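S.K.: Quick one: this structure, given as structure tokens, is what I'll be asking you about.
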Amino acid sequence: MNTTQDIPTPLASYSGEVQPEWIDDNNHMNVAYYVLAFDYATDALFNFLGLSRAYKDANNVSTFAVDMNVVYKRELRLGEPLRIETRMIDFSDKALHYFHEMYHGDEGYLAASNEVLSMHMDMNIRRIAPMADEIQQWVKQVHQAHSALERPKSVGRVLGVRR
């Protein structure tokens, strides 16, 4: 595994640009493609944590997203660069709570955020199961490093109509 000195705070988990097929009738990035870009960032996070395809295949395990919240702040348009930063918010032996922030790649403004709760699954029985001990220890170190960051204001956000 890595050392605590190898832990970016936050993790730069994805960068790219808005693709033509991501554009909707409003001439901006469609909501579904924000989730796709955030999913790419999740893949990078999981690889960083050791939850790689090789680990999953060797142990017949996987991860399931069980809760997700996306907050859209500003639009992104065709061809604009984007970057996503990710941090661990919390964890247990079976669960990962993480938070992505998508920024305009040049202008630096926050375009959207994504809060996710994922569970570690034993695919033999398709039930929640503990992660391997070495994964848990690394997740703990990453969480400790990311805990030094200011907690994003929209973590735990409740959805509703403001009055």
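S.K.: What's the total number of residues in region 17-38 that are in a helix (DSSP H, G or I) and either within 20 Å of residue 69 (Cβ to Cβ) or not charged (D, E, K, R) (or both)?
M.R.: 10
S.K.: Moving on. Looking only at region 46-69, how many residues end up being in contact with a helix residue (DSSP H, G or I) (Cβ under 6 Å, 6 or more places away or on another chain) and part of a strand (DSSP E or B)?
M.R.: Qualifying residue count, region 46-69: 1.
S.K.: Another one. Can you find a residue that is part of a helix (DSSP H, G or I), surrounded by 19 or more Cβ atoms within 10 Å (Cβ to Cβ) and in contact (Cβ under 8 Å) with a residue 60 or more places away in the chain anywhere in region 107-128?
M.R.: No, that holds for no residue.
S.K.: Let me ask something additional. Please list, ordered by first then second residue, the pairs with beta carbon atoms under 6 Å, 6 or more apart or interchain, first in region 144-163 and surrounded by 14 or more Cβ atoms within 10 Å (Cβ to Cβ), second in a loop (DSSP other than H, G, I, E, B).
M.R.: Close Cβ pairs satisfying both conditions: 145/7; 145/9; 146/9; 149/9.
S.K.: Taking region 85-106 as the search range and keeping residues that are surrounded by fewer than 22 Cβ atoms within 10 Å (Cβ to Cβ) and among the hydroxyl-bearing types (Ser, Thr, Tyr), which one is nearest to residue 159 (Cα to Cα)?
M.R.: Only one residue fits best here, namely 103.
S.K.: Still on this model: Hey, does region 22-30 have a residue that's in contact with a Phe, Trp or Tyr (Cβ under 7 Å, 6 or more places away or on another chain), closer than 20 Å to residue 110 by Cβ and among the hydrophobic types (A, V, I, L, M, F, W, C)?
M.R.: Yes, because at least one residue in region 22-30 is in contact with a Phe, Trp or Tyr (Cβ under 7 Å, 6 or more places away or on another chain), closer than 20 Å to residue 110 by Cβ and among the hydrophobic types (A, V, I, L, M, F, W, C).
S.K.: Out of curiosity, is residue 75 touching a residue at least 24 places away in the same chain (Cβ under 8 Å), surrounded by 13 or more Cβ atoms within 10 Å (Cβ to Cβ) and assigned to a loop (DSSP other than H, G, I, E, B)?
M.R.: Judged against the criteria, residue 75 is a match.
S.K.: Hey, another quick one. When region 27-48 is examined, which residues are found to be in contact (Cβ under 8 Å) with a residue 12 or more places away in the chain and over 12 Å from the mean Cα position of the chain (by Cα)?
M.R.: Answer for region 27-48, where residues must be in contact (Cβ under 8 Å) with a residue 12 or more places away in the chain and over 12 Å from the mean Cα position of the chain (by Cα): 27, 28, 29, 31, 33.
Each reported figure results from applying straightforward, stated rules to the coordinates on display, with no laboratory input. Because the structure is a prediction, the values reported are computed rather than measured. Methodologically, a virtual Cβ is constructed for each residue, glycine included, from the backbone with ideal geometry; neighbour enumeration extends over all protein chains shown.
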